[in-house]
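Beneath this line is the structure, given in C-alpha coordinates, with notes to follow.
The values are calculated or read from the model by the stated rules, or taken from the named source; none is laboratory data. The structure displayed is predicted, hence computed values, not measured ones. Please note: Cβ atoms are built from the backbone with ideal geometry, for glycine as well, and neighbour counts cover all protein chains shown. For the accessible areas, the whole protein counts, side chains as well, though only heavy atoms, and no ligand, DNA or RNA atoms are used. Shrake-Rupley method; radii C 1.70, N 1.55, O 1.52, S 1.80 Å.
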Amino acid sequence: MFTAADRRDPGQRTSSAAHPFASTVAALGDVRELTRARELLDRVPASDEHGVPWPVYTRMAHALLVERSVGSARALDLADPLRHTTNVPVVTALTAKGYRALRTW
(Lines give C-alpha, C1' and ligand atoms only; values in the text may rest on other atoms or scores of the structure.)
Protein backbone atom coordinates (compact mmCIF):
# COMPACT_ATOMS: atom_id res chain seq x y z
CA MET A 1 0.00 0.00 0.00
CA PHE A 2 1.33 3.42 -0.93
CA THR A 3 0.58 6.61 0.94
CA ALA A 4 -0.16 10.03 -0.51
CA ALA A 5 3.46 10.97 0.27
CA ASP A 6 4.66 8.01 -1.80
CA ARG A 7 2.65 9.21 -4.80
CA ARG A 8 4.18 12.68 -4.47
CA ASP A 9 7.70 11.27 -4.13
CA PRO A 10 8.31 8.05 -6.11
CA GLY A 11 11.80 7.86 -4.62
CA GLN A 12 10.20 7.39 -1.23
CA ARG A 13 8.33 4.38 -2.60
CA THR A 14 11.62 2.79 -3.69
CA SER A 15 13.08 3.43 -0.25
CA SER A 16 10.08 1.89 1.46
CA ALA A 17 10.20 -1.25 -0.68
CA ALA A 18 13.96 -1.78 -1.03
CA HIS A 19 14.70 -2.94 2.49
CA PRO A 20 11.89 -5.50 2.87
CA PHE A 21 12.67 -6.80 -0.62
CA ALA A 22 16.38 -7.20 0.17
CA SER A 23 15.61 -8.87 3.50
CA THR A 24 13.26 -11.29 1.78
CA VAL A 25 15.78 -12.09 -0.95
CA ALA A 26 18.40 -12.75 1.73
CA ALA A 27 16.06 -14.93 3.81
CA LEU A 28 14.96 -16.98 0.81
CA GLY A 29 18.45 -17.18 -0.63
CA ASP A 30 17.16 -16.30 -4.08
CA VAL A 31 20.47 -15.66 -5.85
CA ARG A 32 18.60 -14.63 -9.01
CA GLU A 33 17.29 -11.56 -7.17
CA LEU A 34 20.49 -10.49 -5.38
CA THR A 35 21.46 -8.02 -8.10
CA ARG A 36 17.98 -6.52 -8.23
CA ALA A 37 17.93 -6.13 -4.45
CA ARG A 38 21.31 -4.37 -4.50
CA GLU A 39 20.15 -2.05 -7.29
CA LEU A 40 17.08 -1.05 -5.30
CA LEU A 41 19.21 -0.39 -2.22
CA ASP A 42 21.50 1.83 -4.28
CA ARG A 43 18.51 4.10 -4.99
CA VAL A 44 17.69 4.64 -1.31
CA PRO A 45 18.61 8.09 0.09
CA ALA A 46 22.08 8.27 1.61
CA SER A 47 20.88 10.40 4.51
CA ASP A 48 18.04 10.45 7.02
CA GLU A 49 14.83 11.73 5.46
CA HIS A 50 11.44 12.30 7.05
CA GLY A 51 12.87 11.01 10.33
CA VAL A 52 13.82 7.65 8.80
CA PRO A 53 17.46 6.54 9.18
CA TRP A 54 17.76 5.19 5.62
CA PRO A 55 21.56 4.65 5.81
CA VAL A 56 21.14 2.38 8.83
CA TYR A 57 18.47 0.26 7.16
CA THR A 58 20.43 0.17 3.91
CA ARG A 59 23.66 -0.95 5.56
CA MET A 60 21.80 -3.70 7.42
CA ALA A 61 20.04 -4.86 4.25
CA HIS A 62 23.40 -4.98 2.42
CA ALA A 63 24.83 -7.00 5.32
CA LEU A 64 21.97 -9.50 5.04
CA LEU A 65 22.60 -9.88 1.32
CA VAL A 66 26.35 -10.28 1.89
CA GLU A 67 25.69 -12.91 4.55
CA ARG A 68 23.67 -14.90 2.04
CA SER A 69 26.16 -14.58 -0.79
CA VAL A 70 29.59 -14.41 0.90
CA GLY A 71 29.19 -15.45 4.51
CA SER A 72 28.61 -14.30 8.06
CA ALA A 73 32.10 -13.00 8.79
CA ARG A 74 32.03 -10.49 5.92
CA ALA A 75 28.44 -9.52 6.76
CA LEU A 76 29.44 -8.72 10.33
CA ASP A 77 32.30 -6.54 9.09
CA LEU A 78 29.68 -4.56 7.20
CA ALA A 79 27.15 -4.50 10.06
CA ASP A 80 29.60 -3.85 12.91
CA PRO A 81 29.30 -0.02 12.77
CA LEU A 82 25.60 -0.50 13.49
CA ARG A 83 26.22 -2.61 16.58
CA HIS A 84 25.34 0.15 19.02
CA THR A 85 22.56 1.78 17.03
CA THR A 86 19.95 2.65 19.63
CA ASN A 87 17.22 4.22 17.53
CA VAL A 88 16.59 1.15 15.32
CA PRO A 89 16.10 -1.92 17.57
CA VAL A 90 15.62 -4.34 14.68
CA VAL A 91 19.13 -3.54 13.45
CA THR A 92 20.57 -4.24 16.91
CA ALA A 93 18.70 -7.55 17.01
CA LEU A 94 19.86 -8.63 13.54
CA THR A 95 23.46 -7.69 14.32
CA ALA A 96 23.34 -9.61 17.61
CA LYS A 97 21.96 -12.63 15.75
CA GLY A 98 24.95 -12.54 13.41
CA TYR A 99 27.43 -12.31 16.25
CA ARG A 100 25.72 -15.17 18.08
CA ALA A 101 25.92 -17.29 14.93
CA LEU A 102 29.69 -16.76 14.89
CA ARG A 103 29.83 -16.89 18.71
CA THR A 104 31.79 -13.64 18.84
CA TRP A 105 29.39 -11.24 20.59
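Peptides 75-81, 54-60 ranked from most to least packed by the mean count of surrounding Cβ atoms within 10 Å: 54-60, 75-81.
Rounded to whole Å, the principal axis extents of the Cα atoms in the stretch 26-76 read 31, 22, 14, largest first. In the context of the full set of protein chains, the stretch 61-105 has a per residue accessible area of 60 Å² (1.4 Å probe). Kirkwood Rh over Cα pairs of the stretch 43-105 into Stokes-Einstein at 4 °C, 1.567 mPa s: D in µm²/s? So the translational diffusion coefficient is about 109 µm²/s. A Cβ-based charge dipole, computed about the Cα centre of the stretch 15-105 with Lys and Arg at +1 and Asp and Glu at -1, lands at about 320 debye. Amide H to amide H, with H built 1.01 Å from N, Glu49 comes under 5 Å of Trp54, counting only residues 5 or more places away or on other chains.
Of the peptides 90-99, 26-35, the ranking by mean beta-carbon count within 10 Å, highest at the top, reads 90-99, 26-35.
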